[in-house]
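Colleague: Can you read through this structure? Questions will come right after.
The values are calculated or read from the model by the stated rules, or taken from the named source; none is laboratory data. Not measured: the values here are computed from a predicted model. With ideal geometry, Cβ positions are generated from the backbone for all residues, glycine too; neighbour counts draw on all protein chains shown. What goes into the accessible areas is simple: the full protein's heavy atoms, side chains included, and nothing from ligands, DNA or RNA. Shrake-Rupley method; radii C 1.70, N 1.55, O 1.52, S 1.80 Å.
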Amino acid sequence: MDSPTAQNILIIINDGPYGNERAYNALRLGMNLAKRAEATVRVFLVGDGVACAKRNQTTPQGYYNVERMLKPILQRGQVAV
């Protein structure tokens, strides 16, 4: 059973990984929340957001690699497409 302080967090990403900062900001939030012991983080990638999970991405100049940002979330939470 969950403790009274447990937090279940769902983040839905439906924008592609590059071109705007929505996916980056969502993953940054997810990474920081996943560090909390009381938080369970789930990320759901839908539509163009599925491209965030593509392996061996070529990251455009000036952007963070969102594939690498997913890894800490995968270690402590869940990611689904």
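Colleague: Dividing the alpha-carbon radius of gyration of the chain by 2.2 N^0.38 Å (N being the number of residues), what value is obtained?
Modeller: Working: Rg = 12.9 Å, N = 81, 2.2 N^0.38 = 11.7 Å.
The chain yields a ratio of 1.10.
Colleague: Turning to a different aspect of this structure: Summing -39500 (n - 2.57) over the DSSP H runs of n ≥ 4 in the chain and dividing by its residue number, what mean residue ellipticity at 222 nm do you reach, to the nearest 500 deg cm²/dmol? Could the numbers behind the result be given before it?
Modeller: Details: 2 runs with 24 residues, N = 81.
Calculated at 222 nm, the ellipticity per residue is -9000 deg cm²/dmol.
Colleague: Moving to a separate point now. Add +1 for every Lys or Arg and -1 for every Asp or Glu among the other residues with Cβ under 12 Å from the Cβ of Leu29, and state the total.
Modeller: Details: positive: Arg22, Arg28, Lys35, Arg36; negative: Glu21.
Residues close to Leu29 contribute a combined charge of +3.
Colleague: Round to the nearest 10 and give me the degree value, 0 to 90, for the angle of helix 66-76's Cα axis relative to the longest principal axis of the chain.
Modeller: 20 degrees
Colleague: Ignoring ligands, DNA and RNA, what percent of the 1.4 Å accessible area of the chain is carbon and sulfur?
Modeller: Details: 2700 of 5520 Å².
The computed percentage sits at 49.
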